[in-house]
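The values are calculated or read from the model by the stated rules, or taken from the named source; none is laboratory data. Remember, it's a predicted structure, so these values are computed and weren't measured experimentally. Positions of Cβ are backbone-derived with ideal geometry, glycine not excepted, and every protein chain shown enters the neighbour counts.
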Amino acid sequence: MATRTPSRDPWAEPELTGRAGKKASKKAAKRAKKEAKASKERWYKQMAQVYKMVHAVQPLIWLWLVLFVVGIVGAAVLFGAFVWRGHIGYMAFLATPVALLAATIFLARRAEAAAYSRIEGRPGAVASALGTIRRGWTIEQDPVALDPRTMDMVFRMVGRPGIVLIGDGNPAKLGGMLRKERQRMARVAPGVAITEFTVGRGEGQVPLPKLVRKLKRLRPVLKKAALGEVNRRIRSIGGMKLPVPKGIDPMRARPDRKALRGR
């Protein structure tokens, strides 16, 4: 009985054997290694990018970093000279990494402030700020209320402090939107604390850079079991329904049969 050999795909690349195959495999391994190195960015390159971003907003950031390092090391040297005498070099050696760490933390804080200053005042800036909160909250990615003409938005988040509504836009128009959403949440989850914030620089508003800090300071009032029940009730009502323009629904339109027959 004759055996049938499997047909080979005519469009498949030919397999290399011998020395050619070894060279091709080495080249592929080198290429993969280079791509892995390129994708894995070094920490000092990341720090350089952060410094450039902060320097574009605050040109004197280099002076503050120098003052941090020199001030901490100088204080350690003075301590070794006058208090713990004879240990100037040792104190300077201990203070140098502490000064660099303090400068790095200060640079990270300035970078966060610079990032907020870039997006502050733009539609959706609140959503970007809420995206930095990692745990403890159930955050709606899309706004629960939206005015498409003025781009005023209301965001909702649920956590142990209760339900929090955050308005982003014109305070005069956000009042009615927040009131409607508050009434809706009071019907869905009666007795649950509802807190409102309006983001902005006006009186009674919360600046965008301080929003996350303000949310973290809210006092928890719900237990975990009650929090799960509140989340279940809110999920049952669904999200925001976008307004549908008036006119013919293309999904329900019927074709003109006379026109199709050429009459």
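Things to note:
- Residue within the stretch 141-155 that is acidic (D, E), under 18 Å from E181 (Cβ atoms) and surrounded by fewer than 19 Cβ atoms within 10 Å (Cβ to Cβ) present: yes
- Filtered residues of the stretch 172-205 (kept if part of a helix (DSSP H, G or I) and under 16 Å from T150 (Cβ atoms)): A172, K173, L174, G175, G176, M177, L178, K180
- Note on the stretch 206-263: enclosed helices (runs of 4 or more DSSP H) holding 1 or more residues that are within 30 Å of E196 (Cα to Cα), in contact with a helix residue (DSSP H, G or I) (Cβ under 7 Å, 6 or more places away or on another chain) and at pLDDT 65 or above are 211-216, 224-236.
- Every residue from the stretch 124-143 that is closer than 24 Å to R232 by Cα and either small (G, A, S) or free of Cβ contacts under 8 Å to residues at least 12 places away in the same chain (or both): A127, G131, R134, R135, G136
- So M153, is it aliphatic (A, V, I, L, M), at pLDDT 90 or above and under 20 Å from the mean Cα position of the chain (by Cα): yes
- Check on T104, under 30 Å from G176 (Cα atoms) and of a type in the set (S, T, Y): no
- Subset of the stretch 144-172 (residues that are farther than 19 Å from A189 by Cα and touching a residue at least 60 places away in the same chain (Cβ under 8 Å)): L146, P148
- Within the stretch 85-99, residues that are without any contact (Cβ under 8 Å) to a residue 40 or more places away in the chain and surrounded by fewer than 13 Cβ atoms within 10 Å (Cβ to Cβ) have Cβ atoms under 8 Å from residues that are in a helix (DSSP H, G or I) and among the small types (G, A, S) in these pairs: G86/G80; G89/G80; Y90/G80, counting only partners at least 6 apart in sequence or on another chain.
- Qualifying positions in the stretch 72-109 - closer than 19 Å to Q46 by Cα and among the charged types (D, E, K, R): R109
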